[in-house]
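The structure appears right after this line, and notes come after that.
Coordinate-derived values only; no laboratory data. Source: prediction; values computed, not measured. Glycine gets a Cβ as well: all are built from the backbone with ideal geometry, and neighbour counts include every protein chain shown.
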Amino acid sequence: MELFFQQVINGIQSGAIYAALALAIVLVFRSTSILNFAQGEIAMFSTFVAWQLQDAGLPIALAILGAMVVSVVGGAIIEVTIIRPVGNENPLAIVIVTIGLFIAINALAGWVYGTDGRTFPRIFSNDPLVEWGDVSLTGETTGIVGILLVVVGLLYLLFQKTKVGLAMRAVSSNAESARLVGIRIGRILMLGWGLAAALGALAGSLAAPQLSLSQNLMLSVLVYSFAAATLGGFDSPLGAVVGGLIVGITQNLAGQYIDFFDGFELASAFLLILIVLLVRPQGLFGSKVVTRV
Amino acid sequence: MTPLLEVTDLEAGYGPVQVLRGMSFTVDAGETVVILGANGAGKTTTIRAISGMIVTKGSVIVDGTSVGGKKPEEIVRRGVAHVPQGRGTFVDLTVEENLRLGAFTRKDADIAADMDHWYEVFPRLQERRDQVAGGMSGGEQQMLAIARAAMSRPRLLLLDEPSLGLAPLVTQELFRQLQMLNQEDGMALLVVEQNANLALSIAERGYVLEAGTIVVSGSAAELQADESVRKAYLGI
């Protein structure tokens with residue numbers, strides 16, 4: 001039983017990281033209806049930026065913040081130069097573009113930083129903070145979950161309490177009407193992609209200490225985050241967080257208790273996606289918009 | 001006096017299909033003007049061309065300044081608000097959020113007071129201020145769409161088929177409110193409408209659009225008396 005609780009706690013820690021990347025995916029999807037398959041790779045590259053900054057002597061927390069700022073700019077540039085010219089008319093074209101971006105960024109990281117894994121410093125200590133028998137809660141788990149809560153709180157304030165947040169929701173609700181009320185939607189889309197990239201930088205920097213930093217850092221994280229977003233609903237930030245935590249716990253429990261074939265952890269994510277698509281395609285918190293005419 | 005809106009030789013279309021073939025008309029400040037026409041005559045295209053949603057040729061002048069080729073988000077800043085066909089409310093946002101978005105271009109301190117004003121004009125909206133717009137009836141959403149456009153304090157309100165999909169009694173109520181909007185708040189209205197009787201009853205002047213050009217123009221009374229207009233659009 002103690003093993004069970006330990007795996008649940010471990011699952012919450014990984015789940016918080018999946019939730020952060022799932023939030024990034026949801027943020028882009030809500031405003032543009034684009035599933036950004038490159039979100040994980042953008043996050044991986046941002047994590048290298050954080051690594052570079054701490055390597056230059058910055059404390060790790062500042063290095064991560066710096067990488068998030070760089071990512072806001074980078075995400076906005078990607079939106080303007082690569083995504084926008086493709087346009088929104090052909091969903092298939094845009095999917096291909098994000099997959100191309102995925103491959104390009106992965107290759108670029110391998111070219112610039114080589115293919116060997118690097119150690120990435122922890123912000124929080126991995127020592128137990130509290131112990132109940134054999135079950136322990138580390139400072140890292142507490143810190144990561146704390147950061148996730150702060151991020152969710154800030155996003156809530158942004159969307160519910162600010163004019164620019166209201167404009168972002170308006171653009172995702174009805175882009176044409178948003179223009180008619182005077183919202184310059186180009187700027188809103190840039191901001192959406194920038195914020196998503198910053199969230200990705202955070203997710204990558206929190207994942208890197210356990211996984212070791214390489215060009216393949218976010219490959220499996222992306223799969224779990226997609227599972228999280230599917231489970232929670234692609235247009236629901238709350239769903240991304242709840243979905244992330246459920247996926248993290250499922251993954252850890254599956255890894256612990258299911259041993260009839262190796263690698264069931266990753267398969268559990270795909271299984272979850274499959275079940276959600278069959279039973280409740282819009283996800284737990286996703287909306288099927290009902291309009292009366 | 002220069003007109004508030006002056007449209008000259010306007011041409012517009014979608015891809016290879018040309019819909020407007022050189023139409024010209026004007027709207028004066030504070031005036032209500034109706035454009036009548038059958039399905040496919042180009043009524044919606046006219047409205048979309050003025051508010052910058054489609055590419056156009058010809059000139060569109062608002063209050064002495066050309067807005068041809070400008071984007072919708074800039075044209076609304078020149079005092080032209082567009083109530084699109086099908087209402088275009090933000091269905092998953094609340095009524096109050098819809099109204100706040102209507103005032104997106106404003107930075108003055110009177111936004112809250114204006115909102116209260118429109119809640120007085122449309123009490124149904126006040127009752128439902130915290131509900132999402134998509135849950136309301138078609139008539140209520142049309143009121144919301146009009147109030148949202150009015151929140152930008154436009155000098156010219158463009159209305160695209162406001163009666164579409166509404167029950168006759170609701171439509172009558174809506175046009176009565178539009179008339180008040182025009183008389184009490186001084187907004188000029190340009191209405192394109194299939195319900196010609198009702199539209200002419202609140203208008204000062206009207207135009208008849210056929211195949212992308214204006215074929216008849218005159219005062220509302222003249223159009224109501226015109227034999228060809230009566231046959232084609234008034235069903236008398």
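Per the Cα gyration tensor, chain A maps to an equivalent ellipsoid with semi-axes of 30, 23, 19 Å, ordered largest to smallest.
Amide H contacts under 5 Å for residue A:138: A:129, restricted to partners 5 or more places along the chain or on a different chain, H placed in the peptide plane at 1.01 Å from N. For chain A, the longest principal axis of the C-alpha atoms and the axis of helix A:264-279 are separated by about 40°. Helix A:39-55 axis versus longest C-alpha principal axis of chain A: approximately 60°, rounded to the nearest ten. Here the sum of -39500 (n - 2.57) over DSSP H runs of 4 or more residues, divided by the residues of the protein assembly as shown, equals -17500 deg cm²/dmol at 222 nm, to the nearest 500. With only Cα atoms counted, the protein assembly as shown has Rg and Dmax values of 28.0, 95 Å.
Beta-bridge orientation, the protein assembly as shown: approximately 60 percent antiparallel, per DSSP, counting only bridges with both partners inside.
Applying 1/(1 + (r/R0)^6) with r as the Cβ-Cβ distance of residue A:260 and residue A:56 and R0 = 30 angstrom yields a FRET efficiency of 0.05. Restricting the calculation to alpha carbons of region A:115-219 gives Rg and Dmax of 19.0, 62 angstrom. Comparing Cα centroids, region A:54-71 and region B:203-234 end up 68 angstrom apart. Exposure here means at most 10 other Cβ atoms within 10 Å; with chymotrypsin sites (Phe, Trp or Tyr not before Pro) in a DSSP loop as sites, the longest stretch of chain A lacking them is A:1-259.
Over all residues in A:166-177, what is the mean tally of Cβ atoms on other chains that come within 10 Å of each residue's Cβ?
What the average comes to for A:166-177 is 5.
Dimensions of region B:89-152 based on its C-alpha atoms, expressed as ranges along the principal axes with the largest first, amount to 31, 21, 17 Å.
Counting only alpha carbon atoms, the long axis of helix A:139-161 and the longest principal axis of chain A meet at about 20°. Using a Gaussian network model of chain A with C-alpha springs under 10 Å, which one of A:130, A:223, A:69 is most mobile by mean-square fluctuation? Result: A:130 has the largest fluctuation of those listed.
Computed from the Kirkwood radius of its Cα pairs, the Stokes-Einstein diffusion coefficient for region B:1-66 at 10 °C and 1.306 mPa s stands at 129 µm²/s. Legend: mean number of C-beta atoms from other chains within 10 angstrom of residue C-beta atoms, peptide B:81-91, equals 4. With a threshold of 31 Å on the Cα-Cα distance, the over-threshold entries among A:163/B:71; A:161/B:57; B:71/B:107; A:161/B:71 are A:161/B:57.
Treating each Cα of chain B as one equal point scatterer and applying the Debye formula with no solvent, the log10 of I(q)/I(0) at q = 0.07, 0.11 Å⁻¹ comes out as -0.21, -0.53. The calculated P(r) of region B:97-212, using every Cα pair and 5 Å bins from 0, goes 2, 11, 22, 23, 20, 12, 6, 3, 1, 0 in percent. Placing unit charges on the Cβ atoms of the charged side chains and taking the dipole of chain B about its Cα centre, the candidate lying farthest along the positive direction among B:195, B:171, B:80 is B:80.
Residue by residue along A:64-73, Cβ atoms of other protein chains within 10 Å of the local Cβ number 0 on average.
For an R0 of 51 angstrom, estimate the FRET efficiency from the Cβ-Cβ distance between residue B:227 and residue A:277 and round to the nearest 0.05. For residue B:227 and residue A:277, the calculated efficiency is 0.25.
About its Cα centre, how strong a charge dipole does region A:13-218 have in debye, to the nearest 20, once Lys and Arg get +1 and Asp and Glu get -1 at the Cβ? Charge dipole of region A:13-218: 900 debye, to the nearest 20.
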